[in-house]
Amino acid sequence: MLLAEVVAASAEIASASARLVKTDRLAALLTRVAAAGDAHLVTVTASWLSGELPQRQIGVGWAALRTLPPPATTATLTVADVDARFSRIGAVAGKGARTARAELVRDLFATATDTEQVFLRRLLSGELRQGALAGVMSDAIARAAGIPAAEVRRAAMLAGALPTVAAAALIGGRPALAEFRLRAGRPVGPMLAQTATGVDDALQRLGGTAVFEAKLDGARVQIHRAGSAVSVYTRSLDDVTARLPEVVAATLALPATDLIADAEAIALRPDGRPQRFQVTAARFGRKHPGELEPLSVFFFDLLHLDGTDLLDLPTRDRLAALDGLVPAAQRVDRLVTADSAMALAFLDRTLAAGHEGVMAKSLSAPYEAGRRGAGWLKVKPVHTLDLVVLAVERGSGRRTGTLSNIHLGARDPATGGFVMLGKTFKGMTGAMLAWQTERFTELADGPADGYVVTLRPEQVVEIAFDGVQGSTRYPGGMALRFARVVRYRDDKSADEADTVDTVRAFYERGG
């Protein structure tokens, strides 16, 4: 199959607003791919259309994509060829690897047409946004394979990878899906939370009574034990076992032979308060712990114990099994209540201890991958900053013709300039996109660099964010976590924007 066919489908999916239209277009493409009988080709196509690479990371960042060769005039690349090239790029190692990798990237892009270059660039940078989220992709796989969507979702949770399930469903059918079972050592798709506006909202949505758990400012891990073998996976299901020996040791100390559990790994200060998130994250980025801060582990869910699957049991039963296995000191602090005042007090104590907020969970909900339903809700305060828009990127897909992804800067009193803290496209309504496209066209400062338009630093925007983390990507050494647009502040000038010192204060206190 030609890459151009996938690119065309991606563009059509991105431009469609109706979920059913997206699903039909995905299903049609997957059906054509599966007709060749190549399971790997199905996996690759499903991965790309989900905005991911089967290889995960191949060492190509923004620096390697800034300057690209002129596009080809004819579409000749195939999906198999591009996938093979990605694998070759990812395999480059040793002295001179960066130069060799850059040369392979240039060779690939030189054979790609203009639209293919845009697709590949966004795919490699993690910014391929076309609305083919897991729910839509699951429905498309089910439609293409003629299998109930619930069976596809269940298999995806147990496999931990929707593209793998796509290949099984489209090539092997329902018997192939039945082979996906809960098994220690194979990561499971994690259950995720929706957002509640507060504890009252959470209680109402969960039926009046809920389990409130401290939402620690650490890193979620999924722990598997089969006898003396322990495996630890991140939320994105990367294997980090060798990097977290404390988690392995804590798991081996539990009175069990086989288990699968959800937990939080976190670096704590001597007084028990959390270190900055970046301190915890550093342990996940190093192959060897070395002299880095030690981690503590706190368990909050149990999916399997000694031959018994617990996935389909209600939360109350899974927690009872967890309490019978894990000492209280190693469990996430929790409260079961229907009293909003008690829930609010629990939230306040958690925040005072330096953590993010609380999770509110239904007592009766089973464990389901993704955000289906509202069995889990997160409640945490929202921080905001007034920042200046330094540049904007040209939109793609449904946002083609707009100026979309904005670059955010804080005022630097020492220099009179601005320090970039990240980018975001989140929170923008259709009306906002139309307004900012007109506004930023007026503020354009010189010719565009590729699809990035530099702006005169005049427009202030209110940005909500979850925290500030260290970053080597930006000159200030910091980046906002989960930044999203609240509103544009025409009532403020750029010299009234928040300063980099304010941002650094958030960072220093772990906010």
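Details
- Selection from the range 193-251 of residues that are under 20 Å from residue 278 (Cβ atoms) and either free of Cβ contacts under 8 Å to residues at least 12 places away in the same chain or of a type in the set (Ser, Thr, Tyr) (or both): 234, 236
- Residue match in the range 299-321 (condition: under 30 Å from residue 507 (Cβ atoms) and either in contact with a helix residue (DSSP H, G or I) (Cβ under 7 Å, 6 or more places away or on another chain) or open to solvent by 30 Å² or more (accessible area, probe 1.4 Å) (or both)): yes
- Residue pairs whose Cβ atoms lie under 6 Å apart, separated by 6 or more positions or on different chains, with the first residue in the range 304-332 and more than 23 Å from residue 218 (Cα to Cα) and the second of a type in the set (S, T, N, Q) and surrounded by fewer than 16 Cβ atoms within 10 Å (Cβ to Cβ), are 306/257; 314/364.
- For residue 242, the criteria (1) over 30 Å from residue 341 (Cβ atoms); (2) part of a loop (DSSP other than H, G, I, E, B) hold in every case but one, which is (2).
- Subset of the range 82-101 that is closer than 24 Å to residue 396 by Cβ and touching a helix residue (DSSP H, G or I) at 6+ places or on another chain (Cβ under 6 Å) - its residue that is surrounded by the fewest Cβ atoms within 10 Å (Cβ to Cβ): 85
- Restricting the range 241-260 to residues that are closer than 23 Å to residue 187 by Cβ, of a type outside the set (Val, Ile, Thr) and open to solvent by 50 Å² or more (accessible area, probe 1.4 Å) leaves a set whose member that is farthest from the chain's Cα centre (by Cα) is 253.
- Per this entry, residue 275 is counted among residues that are touching a Lys or Arg at 6+ places or on another chain (Cβ under 8 Å) and either open to solvent by 30 Å² or more (accessible area, probe 1.4 Å) or not hydroxyl-bearing (Ser, Thr, Tyr) (or both).
- Residue 436 being open to solvent by less than 40 Å² (accessible area, probe 1.4 Å) and either touching a strand residue (DSSP E or B) at 6+ places or on another chain (Cβ under 7 Å) or closer than 23 Å to residue 278 by Cα (or both): yes
- Looking only at residues of the range 131-187 that are among the acidic types (Asp, Glu) and closer than 29 Å to residue 17 by Cα, we find that the one that is surrounded by the most Cβ atoms within 10 Å (Cβ to Cβ) is 139.
- Those helices (runs of 4 or more DSSP H) lying entirely in the range 19-70 with at least 3 residues surrounded by 15 or more Cβ atoms within 10 Å (Cβ to Cβ): 19-34, 39-49
- Exactly one residue among 210, 263, 202 is farther than 25 Å from residue 506 by Cβ, surrounded by 23 or more Cβ atoms within 10 Å (Cβ to Cβ), of a type outside the set (Lys, Arg) and within 18 Å of the chain's Cα centre (by Cα), and that residue is 263.
- Sole residue being open to solvent by 10 Å² or more (accessible area, probe 1.4 Å) and not hydroxyl-bearing (Ser, Thr, Tyr), chosen from 354, 409: 354
- Taking the range 268-366 and the helices (runs of 4 or more DSSP H) fully enclosed by it, no element has 2 or more residues that are of a type in the set (Ser, Thr, Tyr) and at pLDDT below 90.
The values are calculated or read from the model by the stated rules, or taken from the named source; none is laboratory data. Fair warning: this is a prediction, and the values are worked out from it, not measured in the lab. All Cβ positions, even for glycine, are placed from backbone atoms using ideal geometry, and neighbour counts span all protein chains on display. Heavy atoms of the whole protein, side chains included, go into the accessibility calculation; ligands, DNA and RNA do not. Shrake-Rupley method; radii C 1.70, N 1.55, O 1.52, S 1.80 Å.
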